[in-house]
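A short worksheet on the structure shown next.
Coordinate-derived values only; no laboratory data. No experiment lies behind these values; they were computed from the predicted model shown. All Cβ positions, glycine included, derive from the backbone under ideal geometry; neighbour counts span all protein chains shown.
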Amino acid sequence: MSTFPVRFEVADKVAIVTLDRPESRNAMNRPLVEGVLNAFHRAESDPEVRVIILTGADPVFCAGADLKELAAAGVQETEARVDLSADLYSAAQALSKPVIGAINGHALAGGFGLAMSCDLLIASDHAEFGLPESQRGLVAALVMVSLSRLVSPRHAMDLLLTGRRVSAQEALALGLVNEICPKDGVLRRARELADLLASYDPTALGITKNLFYRVADSSVAGGLEQSRLANLLFRSLDTAKSGARSFTGAARPSRSSERERFIRETSGPTQSGGWK
């Protein structure tokens with residue numbers, strides 16, 4: 001029996017990770033953060049899992065950090081907790097498998113940051129997003145990394161300074177989420193998208209995700225060079241060759257070691273089990 005307040009389920013190539021502290025609005029205390037990291041590691045290590053869905057136990061996705069835990073923490077515990085939060089916000093993007101956020105309710109403060117770290121987001125039409133740290137004398141420091149890459153500087157500064165909440169509809173207009181749907185259909189829609197991605201070649205999806213984030217952190221010249229190298233390498237894999245053959249009806253050769261080969265020949269595994 002897990003001691004983490006996080007549920008982990010796998011069915012038909014999809015892992016569902018659920019924040020499970022509904023009595024605290026899924027506030028992120030240390031056990032919950034460690035539970036999410038553990039669940040991500042399990043999903044990454046399981047060859048049967050191709051896509052991950054991250055969601056929260058109703059009524060919200062996540063209300064942010066557990067302020068009671070924050071207030072009681074000493075200096076050493078505070079430093080350790082900040083490091084753990086940094087690991088959490090980088091974990092989803094470090095995985096080789098797509099992570100879909102099924103935002104079933106409000107995503108605030110650290111919960112906003114956790115949602116933004118996902119690769120794709122499906123949000124309830126009743127969900128709200130916000131960074132209320134400035135209203136409480138706090139700083140939304142770690143969240144800035146994802147936010148600054150998703151919206152314009154003006155919109156990011158607005159959200160950071162005012163702490164105002166935005167509706168799911170405004171979040172969609174800002175580019176923070178991919179689509180919205182009725183609350184009772186969020187997980188179902190996320191599952192439909194996950195099933196679609198799970199039907200695709202996992203090596204191609206993994207390389208696409210890895211390269212996207214590497215290019216995003218590079219200069220134009222550096223990004224083009226990384227893309228060129230990835231293109232050359234991928235074209236040498238059976239995955240690419242079999243993809244081309246599929247148009248002529250040719251049989252697909254085995255690809256059991258392709259993903260391992262790509263990881264070995266490029267950046268190698270990160271400490272979280274994903275790609276750098």
Compare the Cα positions of Ala190, Val49, Val145 along the charge dipole of the stretch 6-198 (+1 at Cβ of Lys, Arg; -1 at Cβ of Asp, Glu; about the Cα centre) and return the one farthest towards the positive end. Val145
Between the stretch 74-97 and the stretch 197-216, what is the C-alpha centre distance in whole Å? 23 Å
Estimated dipole of the stretch 1-144 in Debye, rounded to 20 [Cβ of Lys and Arg +1, of Asp and Glu -1, Cα centre]: 40 debye
Ordered by packing density, taken as the mean number of other Cβ atoms within 10 Å over each peptide's residues, highest first, how do 123-136, 144-157, 66-79 rank? 123-136, 144-157, 66-79
Cut-off under 5 Å, modelled amide H: who pairs with Leu121 long-range: Gly101, Asn178, Glu179
For the stretch 6-198, rounded, prolate or oblate, judged on the Cα gyration tensor with a ≥ b ≥ c (square roots of eigenvalues), a/c < 1.5 rounded, else prolate if a/b > b/c? oblate
What are the residues whose amide H is under 5 Å from the amide H of Ile53, where those residues sit 5 or more places off or on another chain and H is modelled from the backbone? Ala15, Ile16, Val17, Ile100
Could you run the Karplus curve 6.51 cos²θ - 1.76 cosθ + 1.60 with θ = phi - 60° over the stretch 51-67 and give me ³J(HN,Hα) per residue in whole Hz, x for Gly and Pro? 9, 10, 10, 10, 8, x, 5, 4, x, 10, 7, 6, 8, x, 5, 6, 5
Between the stretch 144-167 and the stretch 2-54, the Cα center-to-center distance that results, in Å: 27 Å
